[in-house]
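Written out below as structure tokens is the structure these notes cover.
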Ligand code: HEM
């Protein structure tokens, strides 16, 4: 874990963000079960590792224009039974907390804005 908050965005601290966020998600009573259903409850499993790598690439694409992520961000969310606006709000709250653990406010603002925008799009597409 880094000791100082990051003031620039790079691959290394994006990975730290992702690896800070998902353990918080797993521990959360509202959002955790959706992930446990799909990936299990062991963050060290192969399935989770794939998700963490994929999500690091996703955020590197969003923040840095990196081209490793070629997935469909919205697709798996259509398959999640019982997903709700409340769950998305909690996801965002946790993500913003994770951002504050990794970035100074000026750099963190980028992730907070982007995640809020993307979550709004997802909710609109899911009619939530
Ligand atoms: C309550 C809110 C959310 C839940 C429960 C949720 C859950 C999930 C689950 C279960 C997967 C599939 C994991 C797998 O099979 O590998 C997934 C994939 C993903 N999620 Fe979410 N998610 C939520 C919100 C978000 C938000 C707000 C974002 C973006 C800001 C996001 C970005 C992604 C991306 C990029 C993927 C990978 C898509 C791909 O296959 O390429 N998720 N999510």
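No value in this document is a laboratory result; all are computed from the given coordinates. Because the structure is predicted, anything quoted here is derived from the model rather than measured. Here the Cβ positions follow ideal geometry from the backbone for every residue, glycine too, while neighbour counts run over all protein chains shown.
Below are the figures for this structure:
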{"quantity": "Among the candidates 56, 107, residue that is in contact with a strand residue (DSSP E or B) (Cβ under 7 Å, 6 or more places away or on another chain) and within 21 Å of residue 16 (Cβ to Cβ)", "calculated": "107"}
{"quantity": "The range 59-79, residues that are more than 20 Å from residue 90 (Cα to Cα) and either surrounded by 15 or more Cβ atoms within 10 Å (Cβ to Cβ) or touching a residue at least 12 places away in the same chain (Cβ under 8 Å) (or both)", "calculated": "60, 61, 62, 63, 64, 66, 69, 71"}
{"quantity": "Residue in the range 39-52 that is touching a residue at least 40 places away in the same chain (Cβ under 8 Å), within 11 Å of the ligand (Cβ to nearest atom) and closer than 23 Å to residue 4 by Cα present", "calculated": "no"}
{"quantity": "Residue count for the range 60-78, restricted to those that are near the ligand (Cβ under 8 Å from one of its atoms) and within 15 Å of residue 38 (Cα to Cα)", "calculated": "3"}
{"quantity": "Residue within the range 94-105 that is exposed (fewer than 15 other Cβ atoms within 10 Å of the Cβ) and more than 22 Å from residue 28 (Cα to Cα) present", "calculated": "yes"}
{"quantity": "Checking residue 26 against (1) surrounded by 14 or more Cβ atoms within 10 Å (Cβ to Cβ); (2) away from the ligand (no atom under 11 Å from the Cβ); (3) touching a residue at least 24 places away in the same chain (Cβ under 8 Å); (4) within 13 Å of the chain's Cα centre (by Cα), the condition it does not meet", "calculated": "(3)"}
